[in-house]
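Below: one structure, written as structure tokens.
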Amino acid sequence: MVALYPREYAELSKSHGSRQTFMQQQHESELVLQELELLDEDANIFKLIGPVLIRQDPLEAKTNVKKRLEFIKGESDRLDSQCKKLEDKQHKRQMAVRQLESQIQQIVQSASKAESEQ
């Protein structure tokens, strides 16, 4: 039981790191969308694909950013749920370990008391 704790902690840390990455991407995408909203309809928009800048339709660019935001939101929600489950699991594991420690202390105390009575 105690041996599982470090592995679960590593999983939780990884999930929190992934969630933070998605939050950064969400913030960046929201800024991009705000900038796209400020542009005129006839503005030139370019997308970097590999080493090449490709002209992109403003409507298509906005649609792509909105889809990316939807995806990021979905992944963030999934990671939130995963983190919550891992935190609950870790909390239960901690409580079980504490209970075992308490039982061990009681056994040791009972054994030392019985030994001193003899």
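Among the residues of segment 99-106, is any over 25 Å from residue 15 (Cβ atoms), assigned to a helix (DSSP H, G or I) and of a type in the set (A, V, I, L, M)? Yes. Kindly check whether there is at least one residue in segment 84-93 that is touching a residue at least 60 places away in the same chain (Cβ under 8 Å) and either loosely packed, with under 11 Cβ neighbours inside 10 Å or of a type in the set (A, V, I, L, M) (or both). Scanning segment 84-93 turns up at least one residue that is touching a residue at least 60 places away in the same chain (Cβ under 8 Å) and either loosely packed, with under 11 Cβ neighbours inside 10 Å or of a type in the set (A, V, I, L, M) (or both). Within segment 68-115, the set of residues being among the β-branched types (Val, Ile, Thr) and touching a helix residue (DSSP H, G or I) at 6+ places or on another chain (Cβ under 6 Å) comprises just one member, 72. Considering each residue of segment 65-77 in turn, at least one proves to be surrounded by 15 or more Cβ atoms within 10 Å (Cβ to Cβ), of a type in the set (Val, Ile, Thr) and out of contact with any Leu (no Cβ under 9 Å at 6 or more places or on another chain). Identify the residue in segment 11-55 that is within 28 Å of residue 80 (Cα to Cα) and of a type in the set (A, V, I, L, M) and, among all such residues, is modelled with the lowest pLDDT. For segment 11-55, the residue satisfying everything is 12. If you go through segment 28-57 and keep only what is touching a helix residue (DSSP H, G or I) at 6+ places or on another chain (Cβ under 7 Å) and surrounded by 14 or more Cβ atoms within 10 Å (Cβ to Cβ), you end up with 29, 32, 33, 36, 45. Cβ separations smaller than 9 Å between residues 6+ apart or across chains give no pair from segment 45-64 residues that are in contact (Cβ under 8 Å) with a residue 60 or more places away in the chain to residues that are part of a helix (DSSP H, G or I).
Is it the case that segment 110-117 has a residue that's of a type outside the set (Val, Ile, Thr), modelled with pLDDT of 90 or more and open to solvent by less than 100 Å² (accessible area, probe 1.4 Å)? For segment 110-117, residues of a type outside the set (Val, Ile, Thr), modelled with pLDDT of 90 or more and open to solvent by less than 100 Å² (accessible area, probe 1.4 Å): absent.
Just to check your reading of the model, which residue among 27, 16 is in contact with a Cys (Cβ under 9 Å, 6 or more places away or on another chain), in a helix (DSSP H, G or I) and not hydroxyl-bearing (Ser, Thr, Tyr)? Just one listed residue meets the conditions, 16.
The values are calculated or read from the model by the stated rules, or taken from the named source; none is laboratory data. Bear in mind the structure is a predicted one, so any value in this text is a computation, not a measurement. Heads up, the Cβs are rebuilt from the backbone with ideal geometry, glycines too, and the neighbour counts pull from every protein chain shown. Side chains included, ligands, DNA and RNA excluded: accessible areas come from the protein's heavy atoms. Shrake-Rupley method; radii C 1.70, N 1.55, O 1.52, S 1.80 Å.
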